[in-house]
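What follows is a short report on a single structure.
No value in this document is a laboratory result; all are computed from the given coordinates. Quick caveat: nothing in here was measured; it's all calculated off a predicted structure. Cβ placement follows ideal geometry from the backbone for every residue including glycine, while neighbour counts extend to all protein chains displayed.
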Ligand code: DON
């Protein structure tokens, strides 16, 4: 065959997409921060696998994306190796030993305003250093020293502050200036960073270098705990040396669901994400979902969301502490019962004006990695609120989470994401707070098709659901699927939240007439996703246009 014919044939075999995701033949990293994605690809090109790259990205985000990237928080990493082995590294935070069920209530039993979200008392025992190191040890090839090198360099030599980081630092000034090291480091002693300025973090560079040298022991034991204890004393926090010493990241089997011929791998408790995602997909499996974002499809999906979130509120919590009926919630027979109820019900709730929900801006971040062999990592980790609880561990240069807000500080009362939660998620010493983080990998016939996840507090599970449906049912390409407008229903408070732009006025009218109380938000989430085309093997990366991230491939 002449060369031109061969080339034409090859070109025709490549998928044509409506939007233009980033295309690459070998490996891809999609994250919320371009320097982090770039560092991940460098690790892949240096011979690292997807886990090496993911661990590198996780540590870089702790430097370049301090609003959510972290050492002082926690999360979940879902790993699927090309040979089919899959595991979840659960490095979720834990309540300190001194925590108690009513610690955020006053003498009358009322919740103390801001107690779960601001200051050192809002922090859970961090898991990130332990979780990333464990992933590297078990599944990486290059070793901690090599994969941490980009993060250490960026902290030591600095990096140019992006527009969005400058904006975040300016907008959170009030939260950060209350704490000495947070003011000195992140507010530059009051001379706030402007876009383009160089951000140097020598203390963080030292902390990272110690972890690279000595492993997570440097963080959880011995000298590393001194700074922690001093900070806790100064700001009245509860995390003790003993709390740090007993902390363990845990390896858990992923939850696996089936949806229209695909295998859906996601995370088990203490996240609610995988359980709820599979429950919702089971309900939707046989339904005709019509056209995307039409009244008919939104109605069916929103009714499914409501029921799953009602279950979440009642049954979900840390399964090491309470019994969670995961098998029942993810059973197709249970889903059939929910589906029947949805099809028989008419949404005739009285129309009420929407109220803006009490969502605080949040600080979680997701990244997805695929390497040339087909190993894949979906990682979501968080400080919970933007810059966590606002407190920096003194002399160590990293911010602490406010993950205690994810517990039901008073069962039945909403948390910062408006989520109403139950007894199963009440506070107890060393329990992990219930999460909504949903790092997810979709496979078909043993091969990875999609890797995805998002921040967004209680909205995360529904965001992942919609991006999945957009690809698997509506056949959108990955960038279309990520860009498409989103909606969210979390059962309580009882309204359907939609992105302000993207839904037709007819659809909104139909929803209102059907009885849905509507509320609106500018945007929901920041999905960082990768799709692998099964025919050609090409990798397509999509970084959510709602945020400032980037997909980088090679
Ligand atoms: O684990 C959770 O579900 C929450 N801590 C996530 C917070 C979050 O996504 C905030 N980001 N937008």
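Listed values, structure above:
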| item | result |
| --- | --- |
| Segment 241-305 versus segment 410-463: alpha-carbon centroid distance in Å | 9 |
| Stretch gain in nm, segment residue 504-residue 214, where the contour uses 0.36 nm per residue and the Cα spacing is subtracted | 98.8 nm |
| Cα pair distances in segment 397-502, grouped into 10 Å bins until the bin that holds the longest one, percent each | 13, 36, 29, 20, 2 |
| Relative contact order computed over the chain (Cα-Cα under 8 Å; 6+ residues apart), in percent | 25 |
| Mean shadow area of the chain, taken as a quarter of the surface of its Cα convex hull (nm²) | 25.3 |
| Descending semi-axes in Å of segment 217-284, equivalent ellipsoid built from Cα gyration tensor | 40, 13, 7 |
| Relative contact order, percent, segment 444-521 [alpha-carbon distance under 8 Å, six or more residues apart] | 21 |
| Quarter of the Cα convex hull surface for segment 395-457, i.e. its orientation-mean projected area (nm²) | 7.3 |
| Residues 366, 170, sorted so that the one with the fewest Cβ neighbours within 10 Å comes first | 170, 366 |
| Volume of the Cα convex hull of segment 77-138, divided per residue and given in Å³ | 116 |
| Whether segment 127-215 is rounded, prolate or oblate, judged on the alpha carbon gyration tensor where a/c under 1.5 counts as rounded | prolate |
| Long-range Cα-Cα pairs in segment 291-351 (distance over 20 Å), rounded percent | 38 |
| Mean separation of Cα contacts under 8 Å, 6 or more apart, over the residue count of segment 179-334: relative contact order % | 14 |
| Order of 55, 22, 448, 63 - criterion: other Cβ atoms within 10 Å of each residue's Cβ, fewest first | 22, 448, 63, 55 |
| Most to least packed among 69-79, 273-283, 250-260 [average Cβ atoms within 10 Å] | 69-79, 273-283, 250-260 |
| Equivalent-ellipsoid semi-axes of segment 13-93, from the Cα gyration tensor, Å, largest first | 24, 17, 13 |
| Convex hull of Cα atoms in segment 445-554, direction-averaged projection (nm²) | 8.1 |
| Sequence ranges 407-416, 121-130, ranked by mean other-Cβ count within 10 angstrom, highest first | 121-130, 407-416 |
| D (Stokes-Einstein, µm²/s), Kirkwood Cα radius, segment 491-554, 1.306 mPa s at 10 °C | 108 |
| Over 29 Å [Cα-Cα, segment 1-151], rounded percent | 40 |
| Within segment 485-554, percent of DSSP bridges classed antiparallel, to nearest 5 | 65 |
| Nearest-0.05 FRET efficiency for residue 251 and residue 14, computed from C-beta distance (R0 22 Å) | 0.05 |
| Distance from segment 25-55 to segment 75-147 (C-alpha centre basis), Å | 23 |
| Segment 165-278, Cα convex hull volume normalised per residue, Å³ | 202 |
